[in-house]
Amino acid sequence: MSENVYSPTPEFSSRAHVPSMDAYRALYEQAKEDPERFWGELAEKELFWFEKWKHVFEWNPPFVKWFAGGVTNACYNCVDRHLTTARKNKVAILWEGEPGDQRMISYQELHRLVSRFANALKERGLKKGDRAIIYMPMVPEAAVAMLACARLGITHSVVFGGFSAEALKARIQDLEAAVVITADGGWRRGKEVRLKDAVDQSLADCPTIHSVVVLKRTGSNVNMQAGRDCWWHELEANLSEVCPAEPLDSEHPLYVLYTSGTTGKPKGILHTTGGYLLQATMTMKWVFDLREEDTYWCTADIGWVTGHSYIVYGPLAAGATTVMYEGAPDFPAFDRFWRIVEKFKVNIFYTSPTAIRALLRQGEQWPKMHDLTSLRLLGSVGEPINPAAWEWYHRVIGGGRCPIVDTWWQTETGAILIAPMPGAVPLKPGSGTLPMPGVLPEIVDLAGKPVEDGKEGFLILRRPWPSMLRNIWGDPKRYEEQYWGRVEGVYFTGDAARKDKDGYYWVLGRVDDVMNVSGHRLSTMEIESALVRHPAVAEAAVVGKPHEITGQAVCCFVTLKKGDFDHDKLGLELRHWVGKEIGAFARPEEIRFTEALPKTRSGKIMRRLLREIVTSHTVSGDVTTLEDMGVITRLASQHDDD
């Protein structure tokens, strides 16, 4: 645990939405004491409603409705309402393609693009209540497709463009979608990712699909099936740019986003409209301290929840300029992120610990080639960030002057739930700090009893929040069991955490990322943090492997920074290092050096697969989210060689 504490500067606090700890506490108390009034006033002030709601929320555990009876539209809130203000000519989406092409789309222009494409969907017979799959590269039309669906009340499910045809098929079938919106391809590390080919492969067993709309992005030859497939530009040619937004119930399903389950069947997480949009909008202000003049960049892909909430819906509802980038952070060189920050004078930069560690590994010379002084706030998302990476991010990228908002949330929570308000909350590297207003977390044992401060337990949430998942698509029983059945009557996050004496939350990773070695409960996150504090280590993943004496033994997979290392000698040194940093009981039994770790396409380390390798020497679980299957193959064969 880092000893350093970084307090907000008076200059930052003086302009912040929430300027002090007193202001934070007052907000938090209001939401806790009278949630109906708190959220009701915010909904009235921050969102547009065709008709006001009858009840702020109706809670029939584990099901909830927010702003029940209210009528609104997410697209109207993200686009139309800005057109009567000075924002109409403000840049809504600032986009760069991997080859270097660029577009600046104003709110007024976005309105025209979305309305015209919504009319194109109507041309294909799509209507409120239908479902659409969006399988696209990171181009502005991906956001246009999401907003056009939201405009008409078509529930969308974005499938990350790196997913295989098999993974796409499973999602189309589960959702019983009527349309796939895709592109010929996209660019990734200089190569074309051929999306339409994958769509064609997936549709053999998908009878519900009657239309495929294809955007021309790369210009390569693709197969077009007459009657079913149509080009985006041909479909919308000569269509009107007037398309009224459909008035929708606050609880109308906005989107379903699939997360991979350990069982192999993906779970469709359902998010609805009013509550989701309100919390996404408020966290833009509370967490990112958004100002009218900011250029804001979240580096995620829209295929993940981070892209939904913090590239499209949150930023646009808040009237921001949101940056989208199509390609990889290291193409054509390791400074691509910093080149874009400098070029667009980005003020707020939100990325993953994985990206930070990968760029840290390449050294400081890359960011130092660029002027990053436009940055005033940095963010981290996806998994807990270890203190060493936090300190590097703060010093090298933020120049020691930018607060870092380390955000904890999930696909299921819809929006950020634990994070610092940067003008108010002193920061501790590695801690998500304090909960957002209206969020009541607690750390408990499996019986649901609160554990002492400083002790590790399960992170739960005591009360529903507006952006909460409403269900698992088509599987309410799984929803109840998985999220509300583990500890009676509360939302079980599946994360281990502890709370320190200052009330700060330290999320330690998934519950299954906790090992029991000779009766000691050890967090993989804690050992990983200790390893990456060693000057030679870039990244580490830790899992427990069966041990006949201690129950479990600590096995570490380690990638190194550039350099020439004696692996035997360094392995010994790292074992002693962990013993010194945490205690002899945490000393790893085994250190394996590897060129790369298995990661999902959103950058999370798949420790579950590493656990399979060290326990059964095979991989049998769901690997549809894995970015590079070769990593697992090499690690498994490495074991066979031992």
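Relative protection proxy for 125-135, 343-353, 586-596, from highest mean packing down: 343-353, 125-135, 586-596 (other beta-carbon atoms within 10 angstrom).
Any idea what the dipole of segment 518-641 comes to, in debye rounded to 20, about its Cα centre with Lys/Arg Cβ at +1 and Asp/Glu Cβ at -1?
Numbers: 17 positive and 18 negative charges, 83 e Å.
So the magnitude is around 400 debye.
Comparing Cα centroids, segment 388-408 and segment 330-367 end up 13 angstrom apart.
DSSP finds beta bridges in segment 518-641, and of those with both partners inside it, around 75 percent are antiparallel.
Dipole size in debye (nearest 20) for the chain around its Cα centre, Lys and Arg Cβ +1, Asp and Glu Cβ -1? Don't skip to the end; give the middle numbers.
Working: 75 positive and 83 negative charges, 162 e Å.
Charge dipole of the chain: 780 debye, to the nearest 20.
The long axis of helix 107-123 is offset from the longest Cα principal axis of the chain by roughly 70 degrees.
Send over the semi-axes of the chain's equivalent ellipsoid, whole angstrom and largest first, taken as the square roots of 5 times the C-alpha gyration tensor eigenvalues.
Values: eigenvalues 274, 167, 128 Å².
Values for the chain, descending: 37, 29, 25 Å.
Of the residues Tyr255, Leu446, Tyr6, the one whose Cα sits farthest toward the positive end of the charge dipole of the chain, with +1 on the Cβ of Lys and Arg and -1 on the Cβ of Asp and Glu, is Tyr255.
Would you kindly state how much longer the chain becomes between Glu29 and Asp566 on full extension, computed as 0.36 nm times their sequence separation minus their alpha carbon distance, in nm to one decimal? The partial results should precede the final answer.
Working: separation 537, 0.36 × 537 = 193.32 nm, distance 5.55 nm.
Roughly 187.8 nm would be gained on extension.
Take the Cα radius of gyration of segment 518-641 and divide it by 2.2 N^0.38 Å, N being the number of residues; the result is 1.02.
For helix 35-46, report the angle its Cα long axis makes with the longest principal axis of the Cα atoms of the chain; keep it between 0 and 90° and round to the nearest 10°. Approximately 50 degrees, to the nearest 10. Note on Glu293 and Arg339: with the Förster distance fixed at 30 Å, the Cβ-Cβ geometry gives a FRET efficiency of about 0.85. For the chain, the residue among Thr351, Ser115, Gly185 whose Cα projects farthest onto the positive side of the dipole built from Cβ charges is Ser115. In the chain, a dipole from Cβ-located charges (positive for Lys and Arg, negative for Asp and Glu) runs towards its positive end, and of Gly414, Asn77, Leu597 it is Asn77 whose Cα lies farthest in that direction. Compared with the dominant principal axis of the Cα atoms in the chain, helix 165-175 is inclined by about 60°.
A straight chain from Gln362 to Lys449 at 0.36 nm per residue would run longer than the Cα-Cα distance by 26.8 nm. Between Lys580 and Arg189, the contour length at 0.36 nm per residue exceeds the Cα-Cα span by 136.7 nm.
None of the figures in this text is laboratory data; all of them are computed from the coordinates on show. As the structure is a prediction and not an experimental result, all values here were calculated from the model. Every residue, glycine as well, gets a Cβ built from its backbone with ideal geometry; the counts of neighbours run over all protein chains shown.
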